[in-house]
Amino acid sequence: MSSGKAGSVNSGVQPGVAQPSAQSYRQESDVLGAVDVPLSAYWGVHTARALANFPLSGRAVRPELVRAMALVKLACCRANAELGYLPQPEAQAIADACREVAQGGLAHAFVVDALQGGAGTSTNMNMNEVLANRAEELLGGSLGSYARIAPLRHVNLHQSTNDVYPTAVRVAALFLLKDLEQAIAALQSAFQEKELAFRHILKVGRTQLQDAVPVTLGMECSAWAECLSRDRWRVFKCAERLRVVNLGGTAVGTGITAPRKYIFLVIEKLREVTGLGLSRAENLMDATQNVDPLVEVSGILKAHAVNLFKICADLRLLSSGPSAGIGELKLPARQAGSSIMPGKVNPVICEAASQAALRVMADDSAVTQAAFLGQLELNAFMPLLADCLLGSMHLLAQANTMLAENCVLGLEADEAACARHLGRSFATVTALVPVLGYALAGEIAAQAHKTGQSVRAVVLERGLVKAEEVDNLLSAEAATALGHR
């Protein structure tokens, strides 16, 4: 990339940011001409064009993807160095730059928009340019000189966006899945704590929002914990869908321009630098053009989002009121709820987690559409797919942690409200069916509803069952037992 006459693209112009003087630019060129690049920028001409071409979301590529791509580049560098395709000093500098980025360094230099044309080429070139300039700097050179290390000739050696980018997406997803699994486990554990704490509290169980049968508050917590257990297992297992990568396939999966030894070696290096159990796809062409495994993983995320939303809806409903609603649960008061109604406190943590779940469901739809819109040898919509998939993983991990720490661990039961509702409800009559029969139990329920008496009072008044037996049938132990004796 040599200097030349300045083109029309001014990559340094950003709204609301003070602009450097004309002397603060360098010029870089590509096949389309020359472009001004800020002197201090670690990126170059390709990134500059992407900044001008894709003013879309206003969000940069996800940091998890940036770090994963740096690890992929490190693996490629090590493979090329071991096979003698990169001189040792240059390879060492590139490797050092890769490690720096993988550890979160130079984050400010990754500036291309998360949504971009070119199937991720702009992200790949942003990475190539940053690594080349940083490596050049480490060798004593200046930014933009590319005297010893060039973005394409050295950093991108034997690679294509089409194998590097999808591989990096999978690596990033695998790391994020670990975080998500831990977050789900923590939320599950929080509900299990409440299952034990509330195991003695008998209350009305409801179906279709109507009184049904007696349950315990602990049982309700156990159901939430159990569905999270399934989610945790699904997330753990779906990692297997991501371990097969197409690195080495280059443009379309044929490995064109890459030496055979490199293709076999680079996956070994990737396993080393990531610590992940990765394998090269048997059919690299399939792995390059088809992204259905990512759709499958997105579906798992959606399933967890569905459970998360339902749990939050239940918590909001059971805590409703509190004086004029169900009010059987007390959620931790996190902030004032109204600018006009004094003393009002809203279930904001549940509402926030619910919105995260809705976003994940929407992102799953985008992943699905991006996947089936792939054509022939490549999917051009990988940037959208990557942004939605990785974003969903991050969002769900945050939502689980927030819900556990800011809500579930602080849950309290209003035992008086639980007892009051149960005493007023004829739902308890179902527990007496084994003794009274369905027809007579129905009469008891009708009388209780008409007179306002409790089911227990009606049964004792009519002398149908002894008080001790009624209390046993309506106890927390009976409610949690599997069937009756």
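The values are calculated or read from the model by the stated rules, or taken from the named source; none is laboratory data. The structure displayed is predicted, hence computed values, not measured ones. Every residue, glycine as well, gets a Cβ built from its backbone with ideal geometry; the counts of neighbours run over all protein chains shown. Just so you know, the surface numbers come from the protein's heavy atoms only, side chains and all, with ligands and any DNA or RNA stripped out. Shrake-Rupley method; radii C 1.70, N 1.55, O 1.52, S 1.80 Å.
Okay, here's what the table says:
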{"quantity": "Residue match in the range 355-375 (condition: outside any helix (DSSP H, G or I), over 30 Å from Gly410 (Cα atoms) and within 22 Å of the chain's Cα centre (by Cα))", "calculated": "no"}
{"quantity": "Selection count where residues are surrounded by fewer than 20 Cβ atoms within 10 Å (Cβ to Cβ), modelled with pLDDT under 95 and β-branched (Val, Ile, Thr), scope the range 197-244", "calculated": "2"}
{"quantity": "Of residues in the range 39-63 being in contact with a helix residue (DSSP H, G or I) (Cβ under 6 Å, 6 or more places away or on another chain) and open to solvent by less than 40 Å² (accessible area, probe 1.4 Å), the one nearest to Ser142 (Cα to Cα)", "calculated": "Tyr42"}
{"quantity": "Test set (1) within 27 Å of Pro259 (Cα to Cα); (2) surrounded by 20 or more Cβ atoms within 10 Å (Cβ to Cβ); (3) within 32 Å of the chain's Cα centre (by Cα) - Ala114 fails condition number", "calculated": "(1)"}
{"quantity": "Criterion (open to solvent by less than 40 Å² (accessible area, probe 1.4 Å), touching a strand residue (DSSP E or B) at 6+ places or on another chain (Cβ under 9 Å) and among the aliphatic types (A, V, I, L, M)) met by exactly one of Leu308, Leu329", "calculated": "Leu329"}
{"quantity": "Of the criteria (1) over 21 Å from Lys73 (Cβ atoms); (2) surrounded by fewer than 21 Cβ atoms within 10 Å (Cβ to Cβ); (3) touching a Gly at 6+ places or on another chain (Cβ under 9 Å), which one Arg271 fails", "calculated": "(1)"}
{"quantity": "Residues of the range 245-268 that turn out to be open to solvent by 10 Å² or more (accessible area, probe 1.4 Å) and aromatic (Phe, Trp, Tyr), as a count", "calculated": "1"}
{"quantity": "Selection count where residues are buried (at least 20 other Cβ atoms within 10 Å of the Cβ) and assigned to a loop (DSSP other than H, G, I, E, B), scope the range 282-294", "calculated": "1"}
{"quantity": "Within the range 332-354, tally of residues that are among the small types (Gly, Ala, Ser) and either within 18 Å of Leu409 (Cα to Cα) or open to solvent by 100 Å² or more (accessible area, probe 1.4 Å) (or both)", "calculated": "5"}
{"quantity": "Pairs where the first residue, in the range 158-181, is free of Cβ contacts under 8 Å to residues at least 60 places away in the same chain and under 15 Å from Pro293 (Cα atoms) and the second is polar (S, T, N, Q) and surrounded by fewer than 23 Cβ atoms within 10 Å (Cβ to Cβ), C-beta under 7 Å, 6+ apart", "calculated": "none"}
{"quantity": "Residues of the range 142-165 satisfying the condition of being open to solvent by less than 10 Å² (accessible area, probe 1.4 Å) and within 15 Å of Leu65 (Cα to Cα)", "calculated": "Asp163, Val164, Tyr165"}
